[in-house]
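Chemist: One structure, pasted below without further comment.
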Amino acid sequence: MSIEVVKQVYEAFDQGDMDRVYGLMSDEVEWDHRGPPPTPINHLYTGKEGVAQFFDLFFATQEILDFQVHEFFESGNKVVALGQYSFRVKETGKTWESEYAAVWTVEDGLITRWRPIQDLTAEAVAHMP
C-alpha cells in the first residue's frame, strides 16, 4: 500500500535516518519545492541526489521547531499527509509556521513525486533580512 511507504518516510525522517529516507525514493523522484524568492530551497529537485541536495540545503538554512503529521489519505498511488510545522531560519532568526498538505506519488513501492502545499509566503518572509 502506498500509504505505508509514505508513513515509512515520515518515520525515518523523525528518526533522523536520511539514508532510509533516500532508500524509499525512486531514482527518478521529483521533489517539488518551488515557491517565491528568497527561500534558497525553492526549486524542483530530481533524483535521489536532488532530494539529498534539498535536505542538505534545508538543514543548513532552517531549524525544525515543530513537525507534526495528523492524518494520511490514500487514493490509488497518491497519498496526502496533513499536518503542521514550524521552523527558524538560521540566517535571520525569524520563525515561520504553516499547516500543510504533502502530496506524494508512489509507484512500485517507491516515492516518485513529492509536493507540499503550505504557506510559501511565510517561509519566504522569514528568509528576508
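The values are calculated or read from the model by the stated rules, or taken from the named source; none is laboratory data. A quick note: this is a predicted structure, and the numbers were derived from the prediction, not measured. Here Cβ is always computed from backbone atoms with ideal geometry, including for glycine, and neighbour counts include all displayed protein chains.
Chemist: Name every residue in the stretch 88-129 that is closer than 16 Å to E63 by Cα and not aliphatic (A, V, I, L, M), in order of residue number.
Modeler: Hits for the stretch 88-129 are R88, K90, E91, T92, G93, K94, T95, W96, E97, S98, E123, H127.
Chemist: Right, another one. In the stretch 12-59, how many are within 26 Å of A122 (Cα to Cα) and charged (D, E, K, R)?
Modeler: Summing the residues that are within 26 Å of A122 (Cα to Cα) and charged (D, E, K, R) in the stretch 12-59 gives 5.
Chemist: Would the stretch 50-57 turn up any residue that is under 13 Å from the mean Cα position of the chain (by Cα) and among the polar types (S, T, N, Q)? Explain how you work it out, then say what you get.
Modeler: Keep residues of the stretch 50-57 that are under 13 Å from the mean Cα position of the chain (by Cα), which gives 50-57.
In the following step, the residues that additionally are among the polar types (S, T, N, Q) were identified as 53.
Yes, the conditions are met somewhere in the stretch 50-57.
Chemist: Still on this structure, I have one more. Among the residues of the stretch 75-90, what is the count of those that are surrounded by 14 or more Cβ atoms within 10 Å (Cβ to Cβ) and part of a loop (DSSP other than H, G, I, E, B)?
Modeler: Residues that pass the stated criteria total 1.
Chemist: Among the residues of the stretch 24-46, is there at least one that is in contact (Cβ under 8 Å) with a residue 24 or more places away in the chain and of a type in the set (F, W, Y)?
Modeler: Yes.
Chemist: Does G50 fit the bill of being in a helix (DSSP H, G or I) and out of contact with any Lys or Arg (no Cβ under 9 Å at 6 or more places or on another chain)?
Modeler: yes
Chemist: Go over the candidates V6, V51, V29 one by one and state the one that is under 20 Å from F73 (Cβ atoms) and either surrounded by 18 or more Cβ atoms within 10 Å (Cβ to Cβ) or basic (K, R) (or both).
Modeler: One residue alone meets the criteria, V6.
Chemist: Looking for whichever is surrounded by 16 or more Cβ atoms within 10 Å (Cβ to Cβ) and out of contact with any strand residue (DSSP E or B) (no Cβ under 7 Å at 6 or more places or on another chain) here; the options are F72, F13. Which one fits?
Modeler: Among F72, F13, only F13 is surrounded by 16 or more Cβ atoms within 10 Å (Cβ to Cβ) and out of contact with any strand residue (DSSP E or B) (no Cβ under 7 Å at 6 or more places or on another chain).
Chemist: Residue by residue through the stretch 1-47, note down the ones that are of a type in the set (D, E, K, R), assigned to a strand (DSSP E or B) and farther than 17 Å from F58 by Cβ.
Modeler: Applying the first criterion (of a type in the set (D, E, K, R)) to the stretch 1-47 yields 4, 7, 11, 14, 17, 19-20, 27-28, 30, 32, 34.
Applying the additional criterion that residues be assigned to a strand (DSSP E or B) yields 27-28, 30, 32.
Result: D27, E28.
Chemist: Kindly indicate the residue of the stretch 116-129 that is surrounded by 16 or more Cβ atoms within 10 Å (Cβ to Cβ) and in contact (Cβ under 8 Å) with a residue 60 or more places away in the chain and also nearest to V6 (Cα to Cα) among those meeting that condition.
Modeler: Restricting to residues being surrounded by 16 or more Cβ atoms within 10 Å (Cβ to Cβ) and in contact (Cβ under 8 Å) with a residue 60 or more places away in the chain, the top hit is P116.
Chemist: Starting from the stretch 71-97, keep only residues that are within 15 Å of I111 (Cβ to Cβ), then list their pairs with residues that are at pLDDT 95 or above and not in a strand (DSSP E or B) whose Cβ atoms are within a distance under 6 Å, requiring at least 6 positions of separation or different chains.
Modeler: Listed by first residue and then by second, the contacts come to F72/I3; E74/S2; E74/I3; N77/S2; V79/S2; V79/I3; V79/V6.
Chemist: From the list I64, I111, which one is of a type in the set (V, I, T), assigned to a strand (DSSP E or B) and loosely packed, with under 15 Cβ neighbours inside 10 Å?
Modeler: Step by step, each of I64, I111 is checked, and only I64 is of a type in the set (V, I, T), assigned to a strand (DSSP E or B) and loosely packed, with under 15 Cβ neighbours inside 10 Å.
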